[in-house]
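Visitor: Below is one structure. I have some questions about it.
The values are calculated or read from the model by the stated rules, or taken from the named source; none is laboratory data. All of these numbers come straight from a predicted model, not from anything done at the bench. So basically every Cβ, Gly included, is an ideal-geometry build from the backbone, and we count neighbours across all protein chains shown. Side chains are part of the model used for accessible areas, which takes the heavy atoms of the whole protein and leaves out ligands, DNA and RNA. Shrake-Rupley method; radii C 1.70, N 1.55, O 1.52, S 1.80 Å.
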Amino acid sequence: MRHTVTLIPGDGTGPELVEAAVRVLEATGITFDWDVQEAGEAALARYGVPLPDKVLESLRRTRVGLKGPITTPVGSGFRSVNVALRQELDLYACVRPCRTFPGVPAPFSGVDLVIVRENTEDVYAGVEFEADSAEAEQIRAWTGKRIRQDAAIALKPISAYGSRRVVEYAFEYAVRHRRRRVTAITKANIMKFTDGLFLREARQVAAAYAGRIEYSEVLVDAACMQLVTRPEEFDVLVMPNLYGDILSDLCAGLIGGLGMAPGVNAGDEIALFEPVHGSAPQFKGTNRLNPAAIILSGALMLRHLGEEAAASRVEAAVARVVREGTHVTFDLKPPGQQAAASGTREMADAIVRAMKEA
Ligand code: NAD
């Protein structure tokens with residue numbers, strides 16, 4: 001069967017990683033009609049905007065996309081294209097499976113957890129006011145709180161609707177993937193109204209799954225401690241946006257780094273697959289970065305498209321190549337052996353070979 005997929009190469013190291021992923025996905029024998037769309041720096045140069053409408057139109061049409069990372073200038077310039085995509089297309093659940101692969105130098109073995117991050121609300125909603133602005137001054141005066149005169153202010157909207165649907169997504173994911181427990185992560189002891197609301201919704205959803213899926217709650221600070229000491233005790237974790245962003249990178253560290261962490265941003269209609277890592281622009285054009293995260297994101301996409309056998313073949317080939325440890329990028333080589341590392345293209349070639357030999 002042919003699949004039409006929106007392909008966003010992104011910027012920085014995105015295009016070289018996407019090229020590697022496309023090669024591996026096509027080597028499964030499945031036919032893709034790639035609708036290639038520029039976003040980020042390339043789109044800014046060509047169209048004057050980092051996220052042209054035609055990218056959104058393509059994703060609304062194909063309903064499935066594979067995306068390379070996109071750079072966000074820090075502190076100024078355009079707002080994050082990644083955040084805009086999630087908000088414009090209502091991709092409310094960010095799902096990031098984290099599992100250890102034998103052969104990958106990592107602080108733990110036996111990690112197999114999934115982060116489900118709320119993607120549209122929280123401090124990412126973009127309600128932020130500059131220090132010394134009239135709005136910041138109004139908020140300061142209106143709340144009557146002790147906020148310093150020179151403070152910038154961000155608002156943290158968390159709704160019952162947004163919380164409920166992402167927790168439901170996490171429970172449904174747990175059922176579909178035969179997981180045993182969902183843990184809600186918040187800071188509800190301090191943020192009683194926002195995180196408290198998230199937790200209230202989580203409890204209500206959990207009650208509907210009682211007897212099928214276990215439910216637990218951990219505060220985000222305690223969760224960090226437990227994740228870096230006993231990560232194997234976690235299963236599916238669901239949380240508001242900011243905690244999800246931070247814990248995703250922490251969990252990527254548990255399994256050997258960002259090079260091995262795939263993900264998807266999903267709504268009710270559209271799913272956009274992309275690695276957890278960013279555009280690592282300092283590596284642009286060097287052919288050095290690990291393509292496994294985007295290739296594994298592609299495997300998640302194959303499964304979403306109903307191509308279960310092809311997805312398993314890709315995952316098995318990645319697992320074999322990293323287990324053998326010969327044709328892997330620098331991040332997967334033990335200390336002292338970096339000089340023997342393969343490049344992005346060579347590692348992708350090895351994954352293609354492993355698939356053909358299987
Ligand atoms: P990053 O994830 O791009 O890179 C951080 C470091 O992680 C790199 O220097 C590298 O050492 C390592 N790393 C990342 N990917 C790797 C891979 N595939 N193989 C091996 N090592 C890898 O994070 P950053 O430097 O904080 O962000 C760079 C840019 O990417 C920023 O503009 C940021 O906003 C953006 N970003 C985009 C996305 C996205 O497109 N979804 C996600 C995160 C960050």
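Visitor: With viscosity set to 0.890 mPa s at 25 °C, what whole-number translational diffusion coefficient in µm²/s follows for the range 178-297 from Stokes-Einstein and a Kirkwood radius over Cα pairs?
Guide: It diffuses with D of about 152 µm²/s by this estimate.
Visitor: Sticking with this structure for a sec: Residues with beta-carbon under 15 Å from that of HIS3, excluding HIS3: net charge, scoring Lys, Arg +1 and Asp, Glu -1?
Guide: Summing Lys/Arg as +1 and Asp/Glu as -1 gives -1.
Visitor: So, one more: Tell me the mean residue ellipticity at 222 nm calculated for the chain from its helices only (DSSP H runs of n ≥ 4, each -39500 (n - 2.57), averaged over every residue, nearest 500).
Guide: -12500 deg cm²/dmol
Visitor: I need to check one value: relative contact order of the range 46-130, counting alpha carbon pairs closer than 8 Å and at least 6 residues apart, in percent.
Guide: 22 percent
Visitor: So which chymotrypsin sites (Phe, Trp or Tyr not before Pro) in the range 136-169 pass both tests, a DSSP loop state and at most 10 other Cβ atoms within 10 Å of the Cβ?
Guide: none
Visitor: Among the Cys residues of the chain, which have no other cysteine Cβ under 4.7 angstrom away?
Guide: Cysteines lacking a close Cβ partner in the chain: CYS94, CYS224.
Visitor: For the range 1-108, just say rounded, prolate or oblate: build the C-alpha gyration tensor, square-root its eigenvalues into a ≥ b ≥ c, call rounded for a/c under 1.5, and beyond that prolate if a/b exceeds b/c, oblate if not.
Guide: Judged from the Cα gyration tensor, the range 1-108 comes out oblate (a/c at least 1.5, b/c at or above a/b).
Visitor: If you average the C-alpha positions of the range 79-96 and of the range 309-358 separately, how far apart do those two centres end up, in angstrom?
Guide: 30 Å
Visitor: For the chain, which longest stretch is free of loop sites, where a loop site is one of the GluC sites (Glu not before Pro) that DSSP puts outside H, G, I, E and B and that has at most 14 other Cβ atoms within 10 Å?
Guide: 131-268
Visitor: Highest first, please rank the peptides 150-156, 98-104 by the mean number of other Cβ atoms sitting within 10 Å of their residues.
Guide: 98-104, 150-156
Visitor: Next question. Hey, what did the range 86-145 get for relative contact order, percent, Cα under 8 Å, at least 6 apart?
Guide: It comes to 31 percent, rounded to a whole number.
Visitor: Turning to a different aspect of this structure: Using only the alpha carbon atoms of the range 216-275, find the Kirkwood hydrodynamic radius as the inverse mean reciprocal pair distance, in angstroms to one decimal.
Guide: This gives a value of 12.7 Å.
Visitor: GNM, the chain, Cα, under 10 Å: largest mean-square fluctuation among GLY244, GLY29, GLY263?
Guide: Sorting by GNM fluctuation, first place goes to GLY29.
Visitor: Hull surface divided by four, with the convex hull built on the Cα atoms of the range 111-239: how many nm²?
Guide: 9.0 nm²
Visitor: What is the extension gain from GLN204 to THR143, computed as 0.36 nm multiplied by their sequence separation minus the C-alpha to C-alpha distance, in nm to one decimal?
Guide: Full extension from GLN204 to THR143 adds 18.8 nm.
Visitor: Any chance you could give the angle, 0 to 90 degrees and rounded to 10, that helix 241-254 forms with the longest Cα principal axis of the chain?
Guide: Long axis of 241-254 versus the principal axis of the chain: about 40 degrees.
Visitor: While we're here: So what's the angle, to the nearest 10 degrees on a 0 to 90 scale, between helix 134-143 and the longest Cα principal axis of the chain?
Guide: That helix lies at roughly 60 degrees to the long axis.
Visitor: Let me ask another. GLY103: net charge of surrounding residues, Cβ under 10 Å, Lys/Arg +1, Asp/Glu -1, itself excluded?
Guide: Result for the neighbourhood of GLY103: +1.
Visitor: Cα-based Rg (one decimal) and Dmax (whole number) for the chain, in Å?
Guide: Taking only Cα atoms of the chain, I get Rg and Dmax of 20.7, 69 Å.
Visitor: Please go through the range 158-249 and write out the trypsin sites (Lys or Arg not before Pro) that DSSP classes as loop and that have at most 16 other C-beta atoms within 10 Å.
Guide: ARG178, ARG180, LYS192, ARG212
Visitor: Further question on the same structure: Given the options HIS177, ILE30, THR143, identify the residue whose Cα lies farthest towards the positive end of the charge dipole of the chain (+1 on Cβ of Lys, Arg; -1 on Cβ of Asp, Glu).
Guide: HIS177
Visitor: Just how much of TYR47 is accessible, in Å², when a 1.4 Å probe is used and the result is rounded to the nearest 10?
Guide: Probe radius 1.4 Å; accessible area of TYR47 about 100 Å².
Visitor: Measure nothing but the geometry: give the 0 to 90° angle between the long axis through the Cα atoms of 292-304 and the longest principal axis through the Cα atoms of the chain, rounded to 10°.
Guide: The answer is roughly 80 degrees.
Visitor: With +1 on each Lys and Arg Cβ and -1 on each Asp and Glu Cβ, how big is the dipole of the chain about its Cα centre, in debye rounded to the nearest 20?
Guide: 720 debye
Visitor: What pairs from LYS145/LYS187; LYS67/LYS284; LYS156/LYS284; LYS145/LYS192 go past 26 Å between their alpha carbons?
Guide: As for pairs spanning more than 26 Å Cα to Cα, those are LYS156/LYS284.
Visitor: So for the chain, averaging the separation of alpha carbon pairs under 8 Å that are six or more residues apart and normalising by length, what relative contact order in percent results?
Guide: After rounding, I find 22 percent.
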